[in-house]
Structure formats: structure tokens, C-alpha cells
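The next block holds one structure in the form of C-alpha cells; read it before the comments.
The values are calculated or read from the model by the stated rules, or taken from the named source; none is laboratory data. Everything quoted here is computed from the prediction, not taken from an experiment. Only protein heavy atoms, including side chains, enter the accessible area calculation; ligands, DNA and RNA are left aside. Shrake-Rupley method; radii C 1.70, N 1.55, O 1.52, S 1.80 Å.
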Amino acid sequence: MTTTGSPSASLPCEQFVQLVTAYLEDALPGDVRARVDEHLAGCPGCRNVLSQWGTIIDLTGQLTEADVENADELTRDRLLSLFRGLRRR
């Protein structure tokens with residue numbers, strides 16, 4: 001991942017990570033989305049992060065309520081905590 005001195009330096013990796021969920025939800029203003037797209041073109045690490053998020057979304061989209069209810073308590077609580085945290089962003 002890059003932070004300075006590269007074609008994607010106008011958007012540091014740390015900022016991309018903060019924007020990734022809004023990017024995936026197509027909720028970014030056009031100018032910000034263009035900066036993210038430019039960053040992704042030059043940063044294989046962030047492209048990997050984006051791919052991983054896509055995989056997570058695809059997999060969690062396949063879960064049913066029964067899957068969540070049948071998970072052990074610790075796993076269920078950790079998942080719920082994670083998703084609540086994502087909603088706050």
C-alpha cells in the first residue's frame with residue numbers, strides 16, 4: 001500500500017480504508033470516487049482490500065437467520081458487534 005510519493009499519493013491508503021464501505025455502497029460523491037478509483041489503479045494492496053471486502057459481503061449475504069441463531073454465542077456476539085461497528089461509519 002502507498003502513502004506518499006506515488007501516483008496514488010493524493011489519497012493515502014489509510015483514507016481509502018476509511019472510505020471502502022461507502023465506495024462499495026456507491027455512496028461517495030463523484031470527485032471522491034474518482035480519487036478512490038485513481039488510487040486503486042496504482043495500489044495493488046488496496047485493490048486486495050477491496051476484493052476481500054467484496055468476498056466478505058458475498059459470504060455474509062448467504063447467511064440465514066438460522067445460521068446466526070445456531071452459531072455459538074461468542075461467534076454470534078462478535079459478528080453482531082462487527083456489523084454494528086460498520087453501520088456507524
I'd like the accessible area for residue 73: 1.4 Å probe, protein heavy atoms, all chains in place, Å² to the nearest 10. 120 Å²
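Counting only protein chains, not ligands or nucleic acids, how are 76, 47 ordered by accessible area (probe 1.4 Å), most first? The partial results should precede the final answer.
Details: 76 65, 47 105 Å².
Per-residue accessible area, sorted high to low, gives 47, 76.
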Residue 77 - accessible surface, heavy atoms, 1.4 Å probe, Å² rounded to 10: 80 Å²
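Could you work out the Kirkwood radius for the stretch 11-81, taking every pair of different alpha carbons, averaging 1/r and inverting it, reported in Å? Intermediate results must be reported in sequence, preceding the final value.
Numbers: mean 1/r = 0.0722 Å⁻¹.
Final number for the Kirkwood radius of the stretch 11-81 is 13.9 Å.
Leaving ligands and nucleic acids out of the surface, order 11, 74, 50 by accessible area at 1.4 Å, largest first.
Values: 11 0, 74 115, 50 35 Å².
Listed by decreasing accessible area, they come as 74, 50, 11.
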Each residue of the stretch 56-61 in order: what ³J(HN,Hα) in whole Hz does its phi give by Karplus 6.51 cos²θ - 1.76 cosθ + 1.60, θ = phi - 60°, with x for Gly and Pro? 4, 4, 4, 5, 5, x
Probe 1.4 Å, heavy atoms of protein chains only: per residue, the accessible area of the stretch 32-76 in Å² is 67 Å²
